[in-house]
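Working notes for the structure below.
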Amino acid sequence: MNIEKNLTLEEISFQIILHAGNARSSAMEAIQVAKAKQFDVAADKMKEAENEINEAHHYQTKLLQREASGEGENPTVLLIHAQDHLMNSLTVKELAQEIIEIHQHNYEGENK
């Protein structure tokens, strides 16, 4: 991903919110399809979640690079909100993976 250097803090914050939100949604969808025993679809949804988190991380990294080069900006409430979304999506993705594994384990146990 090539993140333009001239993106504003606000634009980067919104990109983090966007991708983190997409990641959270994909992880929650993965749980729903796992409950329906569609484990291949759940795996695809989890890959989507991972890709979205990676996108959000790219934007976060851009901010860290700016900070390291002395071009950092004072954090805004919007940026803090974006970081909160990212951390929430990471937690949901990790929990979703555990829940999917439980559903899959139970399904496999029922079909022995």
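Tabulated data for the structure shown
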item	result
Theoretical gain in end-to-end length, Glu71 to Glu94 [0.36 nm per residue, Cα-Cα removed]	5.0 nm
Theoretical gain in end-to-end length, Asn6 to Lys37 [0.36 nm per residue, Cα-Cα removed]	6.6 nm
Per residue accessible area of the stretch 26-109, 1.4 Å probe, in Å²	62 Å²
Where GluC sites (Glu not before Pro) fall in DSSP loop in the stretch 1-80, at most 16 other Cβ within 10 Å	Glu4, Glu71, Glu73
Neighbour-limited loop hits for trypsin sites (Lys or Arg not before Pro), the stretch 1-108 (at most 13 other Cβ within 10 Å; DSSP other than H, G, I, E, B)	Lys5
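The values are calculated or read from the model by the stated rules, or taken from the named source; none is laboratory data. These figures come from a predicted structure and were not determined experimentally. As a convention, Cβ positions derive from the backbone with ideal geometry for all residues, glycine included, and neighbour counts pool all protein chains shown. Note: accessible area is taken over every heavy atom of the protein model, side chains too, but ligands, DNA and RNA are not part of it. Shrake-Rupley method; radii C 1.70, N 1.55, O 1.52, S 1.80 Å.
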